[in-house]
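Have a look at the structure below, then the notes.
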Amino acid sequence: MKCYITGNSPYARKIRVAAHEAGLGDEIEWQTLTREERAEIVPQFNPLGKVPVAVLDSGQVLLDSPVICAYVDSLNEGPKLIPVYGEQRWAVLTLEALGDGLGEAVIAASQESQKPDDKRTDAVVARQAGKAANAMAVLDKQAGDFNDPPLMGEISVACALGYLEYRDVVPGWRETYPALASWYVEILKRQSFILSTPV
Ligand SMILES: N[C@@H](CCC(=O)N[C@@H](CS)C(=O)NCC(=O)O)C(=O)O
């Protein structure tokens with residue numbers, strides 16, 4: 001399996017972390033692309049032009065990150081990152097979706113805020129940063145009950161927070177959401193997160 005990623009995508013990081021946690025990190029061929037390479041290479045596999053995208057040995061293409069993570073977990077012979085049955089499965093997938101949505105809000109706020117003054121709409125930045133803040137307020141309340149070791153939901157949330165911090169979209173978030181921040185400090189110590197720090 002070959003996986004096309006970029007060095008700072010929170011969605012690509014989910015797959016790197018999941019693969020490492022499942023002990024499969026070395027079995028995937030990682031192709032890290034620059035922005036320009038992404039624009040040139042990725043559309044042949046993903047018409048949306050987005051990473052991550054995976055190409056299996058059979059040639060079958062998988063997108064996007066929740067699907068690729070589920071595929072990686074299907075190869076995982078250890079404890080599953082996505083429970084196979086029951087209520088916990090849906091809780092994990094819902095937390096993964098919340099983490100992914102937090103990432104989307106962060107990307108949208110960051111892209112808008114990088115526009116020159118005459119092209120930027122501050123209301124868009126505020127709206128997206130507000131979504132991120134609302135999500136973090138909920139996650140701050142849930143952090144005490146997060147799975148340890150992390151499952152796919154926690155992995156997604158931590159990757160989104162990593163990107164939020166990298167882009168500095170919600171300055172001071174660690175003080176505003178202390179339970180979430182304490183949990184985040186601990187998860188960052190895992191080898192899977194150290195190896196996938198955004199660049
Ligand atoms: N829902 C997708 C989101 C992927 C995504 O937004 N990827 C970004 C990088 S973080 C991208 O490749 N953007 C390029 C573009 O929009 O042209 C997933 O979970 O994989």
For this session: May I ask you to list pairs of residues, at least six apart or on different chains, whose Cβ atoms are under 6 Å apart, with the first in the range 55-79 being part of a loop (DSSP other than H, G, I, E, B) and the second being more than 16 Å from the ligand (Cβ to nearest atom)?
Result: Asn76/Ala22
Exercise. Just one of Val55, Val67 is in the same structural domain as Arg16 (by TED's automatic domain parsing), within 16 Å of the ligand (Cβ to nearest atom) and open to solvent by 50 Å² or more (accessible area, probe 1.4 Å); which is it?
Worked result: Val67
Exercise. Can you find even one residue in the range 151-167 that is without any contact (Cβ under 8 Å) to a residue 24 or more places away in the chain and not acidic (Asp, Glu)?
Worked result: no
Problem set entry | Conditions (1) in the same structural domain as Glu154 (by TED's automatic domain parsing); (2) in a loop (DSSP other than H, G, I, E, B); number of the one not met by Gln111 | (2)
Exercise. Inside the range 102-112, can you point out the residues that are open to solvent by 30 Å² or more (accessible area, probe 1.4 Å) and touching a residue at least 24 places away in the same chain (Cβ under 8 Å)?
Worked result: Ile107
For this session: Take Lys115 and decide whether it is surrounded by fewer than 19 Cβ atoms within 10 Å (Cβ to Cβ), in contact (Cβ under 8 Å) with a residue 24 or more places away in the chain and among the charged types (D, E, K, R).
Result: no
For this session: Could you tell me which of the residues Ile82, Ile28, Ile41, Ile15 is open to solvent by less than 60 Å² (accessible area, probe 1.4 Å) and within 9 Å of the ligand (Cβ to nearest atom)?
Result: Ile15
Seminar exercise, completed: Among residues of the range 130-171 being modelled with pLDDT of 95 or more and not in a helix (DSSP H, G or I), the residue most open to solvent (accessible area, probe 1.4 Å) is Asp148
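The values are calculated or read from the model by the stated rules, or taken from the named source; none is laboratory data. All values derive from a computational prediction rather than experimental measurement. With ideal geometry, Cβ positions are generated from the backbone for all residues, glycine too; neighbour counts draw on all protein chains shown. Side chains included, ligands, DNA and RNA excluded: accessible areas come from the protein's heavy atoms. Shrake-Rupley method; radii C 1.70, N 1.55, O 1.52, S 1.80 Å.
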